[in-house]
Structures are given as C-alpha cells and as structure tokens.
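See structure below.
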Amino acid sequence: MDWRDIPSLAALRAFEAAARLGNFSQAARELNVTHAAIAQHVRGIETALGTSLLVRAGRGMALTDAGRQLASALGDGFGLITQGVRQVAADTANRPIAISVTPSFAENWLMPRLAGFWAAYPGEQISISPSTDLVDLRRDGFDMAIRYGTGDWPGVEATQLVAADYTVVAAPSLLAGRAAKTIADVQDLPWIFEAVHREARKWVTEMGMDMACCQMNEVATLSMLLSAVRAGGGVSVVSSALVADDIASGKLIAVMRDHHEGLGYYIAHLPDGLSARAKLFKTWLLAQTG
C-alpha cells in the first residue's frame, strides 16, 4: 500500500468522527483535539479529493453523496482495524507467560520450584525456552529472560534473582572423607570444566591452582558437568544457586566459595513494564529466594 496516495490517517479519523457524530465539536471532544483541527482535516481531505464531503445543515453537518461513500468505507475499515487490534490484545493477554532462561538454571533451579507456582496459580501457563543465545525480548516475544551476569545490560530493567558465586564442589565419594577447605586441598583430584565457558578456569588459576598439573576433563554443557560431578567424576566450580539443593541434601560438598559483588542470575525485561500476569510470576520468582 502506498500511503502517499491517500490523506493522512489522522485526517481520515477526524472526518470519520465528524461524519458519524454530525458535529465538529463532538468529533473534537472524542478525539481530544480542537474544533479547528477537525475542520482543517476535513478541508484537507476535500481539497485532496477535489469534492465536498460535509456541508452545513442548521447547527450540524450533513454528508454529501461522496461523504457518505467515504464515511461508510472508513467505518468498515476502522471497524476491521479495531477488531484486529482487540484480537491481538486478547491473544496476548491469554498466551502463556514466555520466559527465556539458560538451560542449566532452568534444570537445576527453576524447574524444581515451578510445581509450587502451578499449585498456587492453577491454570496459569508458563512457556520456558531454554537457551544461552542473546534474545531480543520484544522481537522474539518474551516477557522476560533470566540470565547470568552483573545485570548492567542496556535497554532492559534487571532485577537480581539469585546472587551467584564461585563454589568448588565434589561428591562425598570422591573426597573420601578428606577435610577439604581450599583448592589446594583438592588440586590432586580430577577436575571437570565446561569446554566453552572459561570463567571457572580463569578463577581457579587466580586462586593459585596450577592447571598444568591438574587432571582435567572437558564436557560440552553445564548439565553434563553437573551430572558427572554428582556421580563422583571430578571436582568443579559452579554457582551455588545451581547446586544448593545438592549441598543441602549432602549429594555434594561445598569445598569453598568466593562471592563476587553484583554477580548473579537476573530477571531482565523491557523497561516499559510487564503485563499483570508476568508481574505476578516475577513476584513469585523473587519470593523463592526469601
């Protein structure tokens, strides 16, 4: 459609209101503009089309034949626009709350707790997309994302959900009763790291570990790493938020922890606000860390 061939949408709205209400003043009140603005818009359309659309009839206005034809077409058109907008709004209001979350956080923190949300709010649907990819919340249709970092991301409002740290963990079977409190105490044991993310390796090096002397294995994902560590396959470094339940149950032992200010998992969403349902879910998420 070439919009240059027709009057502006604002002008057409002004004419449609004036034609429907039969009065410039009432049209001005409905559209929250001045009487003069309505009159100017109508005169502009008449000039562009080369014909009269409205004529004075007593204290009101009467439509010409051309005016009736245009008013009818605009009424149908604006009706379809209104119907379409309302349908999209209704679909949006009823669709599941859409969340992008890293796979490891979804598996180890969110999913074990999500049954509590469904029990508290039966029928409320949550669509969870596990991914480490950078997402565009508006373009990709997400209400929010949960990501690891310091929360200083441009264009979004970020609220810390869980504070993170570097926690050295191992299965009791691997430690075999040794009283381990530092990296040096477990440096001789096999270690497991993710192949892609290098932060854990950088941190243990900064803590004095000699990587050249370490028996080291790599796996592709954090989920694979955690499975191996839980099975006693090696020592590793993870965020305590992901293994809190394992530590509490005794499945894993936290050898040591190092907290970095501001580091954590954050709820990120667009700054122009959340829907009431998305706000409800965000409030519930934050309550899980209390």
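Odds and ends about this structure:
- Residues within the range 246-274 that are open to solvent by 60 Å² or more (accessible area, probe 1.4 Å), at pLDDT below 90 and assigned to a loop (DSSP other than H, G, I, E, B), tallied: 1
- Of all residues in the range 84-99, none satisfies being closer than 22 Å to Gly264 by Cβ, of a type in the set (Ser, Thr, Tyr) and under 15 Å from the mean Cα position of the chain (by Cα).
- Here Ala278 meets the list (1) under 30 Å from Arg95 (Cβ atoms); (2) open to solvent by 50 Å² or more (accessible area, probe 1.4 Å) almost entirely, failing just condition (2).
- Among the residues of the range 123-134, the one identified as open to solvent by 40 Å² or more (accessible area, probe 1.4 Å), over 22 Å from Asn94 (Cβ atoms) and in contact with a strand residue (DSSP E or B) (Cβ under 7 Å, 6 or more places away or on another chain) is Pro130.
- Residues that are open to solvent by 70 Å² or more (accessible area, probe 1.4 Å) and over 19 Å from Leu242 (Cα atoms), drawn from the range 281-290: Thr283
- Residue in the range 126-140 that is more than 15 Å from the chain's Cα centre (by Cα) and without any contact (Cβ under 8 Å) to a residue 12 or more places away in the chain present: no
- The residue that is most open to solvent (accessible area, probe 1.4 Å), among those in the range 135-159 that are under 18 Å from His260 (Cα atoms) and in contact with a helix residue (DSSP H, G or I) (Cβ under 9 Å, 6 or more places away or on another chain), is Tyr148.
- Hits in the range 183-198 - residues which are open to solvent by 50 Å² or more (accessible area, probe 1.4 Å) and either within 18 Å of Ala254 (Cβ to Cβ) or modelled with pLDDT of 90 or more (or both): Ala184, Asp185, Asp188
- Qualifying positions in the range 202-215 - farther than 14 Å from Val168 by Cα and surrounded by 15 or more Cβ atoms within 10 Å (Cβ to Cβ): Cys214
- Note on the range 80-133: residues that are among the polar types (S, T, N, Q) and over 18 Å from Lys279 (Cα atoms) total 9.
- Complete set of residues in the range 138-149 that are at pLDDT 90 or above and closer than 13 Å to Ser275 by Cβ: Phe142, Asp143, Met144
The values are calculated or read from the model by the stated rules, or taken from the named source; none is laboratory data. Everything numeric in this text was worked out from a predicted model, so none of it was measured. Positions of Cβ are generated from backbone atoms using ideal geometry, with glycine treated the same way; all protein chains shown enter the neighbour counts. To get the accessible areas, we keep the full protein, side chains included, count just its heavy atoms, and leave off ligands, DNA and RNA. Shrake-Rupley method; radii C 1.70, N 1.55, O 1.52, S 1.80 Å.
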